[in-house]
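The values are calculated or read from the model by the stated rules, or taken from the named source; none is laboratory data. This is a predicted model, so every value here is computed, not measured. Here the Cβ positions follow ideal geometry from the backbone for every residue, glycine too, while neighbour counts run over all protein chains shown. All accessible areas refer to the heavy atoms of the entire protein, side chains included, with ligands and DNA or RNA removed. Shrake-Rupley method; radii C 1.70, N 1.55, O 1.52, S 1.80 Å.
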Amino acid sequence: MGRIDMDGVTKVFGEGGEEVIAVDHFDLTIEDGEFLVLVGPSGCGKSTTLRTIAGLEEVTEGTISIDGEDITDEKPKDRNIAMVFQNYALYPHMTARENMAFGLKMTTDLSDEEVDSRVRDAAGMMGIEGLLENKPGELSGGQQQRVALGRSIVREPKVFLMDEPLSNLDAKLRTTMRTELQDLQQRLETTAVYVTHDQTEAMTMGDRIAILDEGTLQQVGTPLECYQKPNNVFVAGFIGSPGMNFLDVRNENGRLIHESIEYELSDDTATELQQVSADLILGVRPEDIRVISGTTERNRITVQPKVVEPVGDMTYVHFELGGVDMTATVSGDIHVQVDKELDIVFPEERLHVFDQETKEAIKNSRRELLSMPS
Ligand code: ADP
Ligand code: MG
């Protein structure tokens, strides 16, 4: 069991002096056994939020409960929570086995046999049985991280907190460890809160992701929900790679006007957007832009590719539209050349529309998930 309720959690640093609101009225329930990823740019308050759950940071306002029990004022050691950091903080003079057993020996009254058996089980799970007598200096980065994880597992916590635990690893190992961590969390059935600034990591790992900006929660949802139906411009731009393209437009009777283009909406969409502000932001994802041939297509846009980046199956095409830099992700099979005109369309059903003033979404792309034939 390990359901976490965060209610109005606020953390202000430097009260009285120069104040920094690191976390601002954070409300979130993390379900028992859930893998929640907290994601956002550097300095947005991810670590601080995590540290309030661990009890390493006192909250300025709000409450935190685990399984319905208010733990806001409890000491870290009484919270039954384990935390894994980016730097593994293993004791260099102890073997992997000693590192894993140390916390248990210090904080529980388990017998030596019980400690031994827990360490063996955790080592088995992490695939490091053969490394138990090695010291950290003799282990690779990935192995050290496994020992650090094993050290948390042996405590059988209700909740696992991980703060960018993979950022010190090289790209390939990071990908492997991502899968391992998810697999591990599923086997342990422990609630996990995982912090990262990397949207790809968030998208691939989270049951749900919580997106934070400047201490404020922007959206919580499954990775697909956040990708398909971003609440606002921030989420739209943060989730997805390359990022969404944005264009400030004016809605004049169903025509979205920018200095370089005029986009004619269908009657239905024009009616839908009639009631809202005329100053809008048009959003289109690079992967939703379509390359066309022929000149009959409505809303055709002719662009001059400035930079063409083939990555294999896809090619990133960078171009400018009315002074705004944009990117289209097109099939690697299409031969795109720098400075050679390319005709594209922004398919209407894939458009996102935001309010220029509030930055809130007015309309998201329409997508239907295909079901597999059974
Ligand atoms: P993240 O983990 O998302 O990069 P942090 O939670 O570490 O962000 O920091 C959020 C904000 O709080 C930042 O502006 C940071 O400078 C500030 N902050 C964090 N810890 C402290 C501290 N101990 N004292 C003062 N300000 C802090
Ligand atoms: Mg941090």
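For region 27-127, please list each of the strands (runs of 3 or more DSSP E) lying entirely inside it that holds at least 1 residues being at pLDDT below 95 and open to solvent by 30 Å² or more (accessible area, probe 1.4 Å). Steps first, please.
On the way: elements: 35-39, 61-66, 81-84.
Strands (runs of 3 or more DSSP E) meeting the threshold: 81-84.
Among the residues of region 246-288, write down those that are in contact (Cβ under 8 Å) with a residue 60 or more places away in the chain and farther than 24 Å from GLY323 by Cα.
Here is the first cut: in region 246-288, the ones in contact (Cβ under 8 Å) with a residue 60 or more places away in the chain are 246-248, 258-261, 263, 265-266, 269, 272-273, 276-277, 279-285, 288.
Selection gives SER266, THR269, GLU272, LEU273, VAL276.
One residue is enough: does region 93-116 have a residue meeting the conditions in contact with a helix residue (DSSP H, G or I) (Cβ under 8 Å, 6 or more places away or on another chain), within 16 Å of ligand 2 (Cβ to nearest atom) and in contact (Cβ under 8 Å) with a residue 24 or more places away in the chain?
No, every residue in region 93-116 fails to be in contact with a helix residue (DSSP H, G or I) (Cβ under 8 Å, 6 or more places away or on another chain), within 16 Å of ligand 2 (Cβ to nearest atom) and in contact (Cβ under 8 Å) with a residue 24 or more places away in the chain.
Among the candidates GLU287, GLU297, which residue alone is modelled with pLDDT of 90 or more and in the same structural domain as ASP339 (by TED's automatic domain parsing)? Give the derivation first.
Details: GLU297 fails: modelled with pLDDT of 90 or more.
Criteria check complete, one pass: GLU287.
Could you please find all residues in region 139-197 being within 16 Å of ligand 2 (Cβ to nearest atom), at negative phi and either open to solvent by 10 Å² or more (accessible area, probe 1.4 Å) or β-branched (Val, Ile, Thr) (or both)?
Quick first cut of region 139-197, residues within 16 Å of ligand 2 (Cβ to nearest atom) only: 161-168, 193-197.
Checking the rest, the ones that are also at negative phi come to 161-163, 165-168, 193-197.
Those that are within 16 Å of ligand 2 (Cβ to nearest atom), at negative phi and either open to solvent by 10 Å² or more (accessible area, probe 1.4 Å) or β-branched (Val, Ile, Thr) (or both): ASP163, SER167, ASN168, VAL193, VAL195, THR196, HIS197.
Results for (1) surrounded by 20 or more Cβ atoms within 10 Å (Cβ to Cβ); (2) modelled with pLDDT of 95 or more; (3) farther than 29 Å from TYR316 by Cβ, shown as yes or no for each residue.
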{"position": "THR200", "(1), (2), (3)": "no, no, no"}
{"position": "ILE209", "(1), (2), (3)": "yes, yes, no"}
{"position": "PRO230", "(1), (2), (3)": "yes, yes, no"}
{"position": "GLY237", "(1), (2), (3)": "no, yes, no"}
{"position": "ASP248", "(1), (2), (3)": "no, yes, no"}
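Of all residues in region 270-324, which are open to solvent by 80 Å² or more (accessible area, probe 1.4 Å) and within 13 Å of LEU342 (Cα to Cα)?
Answer for region 270-324, where residues must be open to solvent by 80 Å² or more (accessible area, probe 1.4 Å) and within 13 Å of LEU342 (Cα to Cα): ARG290, SER293, THR295, ARG300, GLN304, LYS306, GLU320.
Output the number of residues of region 3-41 satisfying the condition of being within 10 Å of ligand 1 (Cβ to nearest atom) and under 21 Å from PRO223 (Cβ atoms).
Adding up the residues that qualify gives 4.
Out of the residues in region 177-196 that are touching a helix residue (DSSP H, G or I) at 6+ places or on another chain (Cβ under 8 Å) and of a type in the set (S, T, N, Q), which is nearest to GLN143 (Cα to Cα)?
GLN182
Just to confirm my filter: which strands (runs of 3 or more DSSP E) fall fully inside region 259-351 and include at least 1 residues that are of a type in the set (Val, Ile, Thr)?
Working: elements: 262-264, 279-284, 301-303, 307-310, 314-321, 324-331, 342-345.
In region 259-351, 279-284, 301-303, 307-310, 314-321, 324-331, 342-345 are the strands (runs of 3 or more DSSP E) which contain 1 or more residues that are of a type in the set (Val, Ile, Thr).
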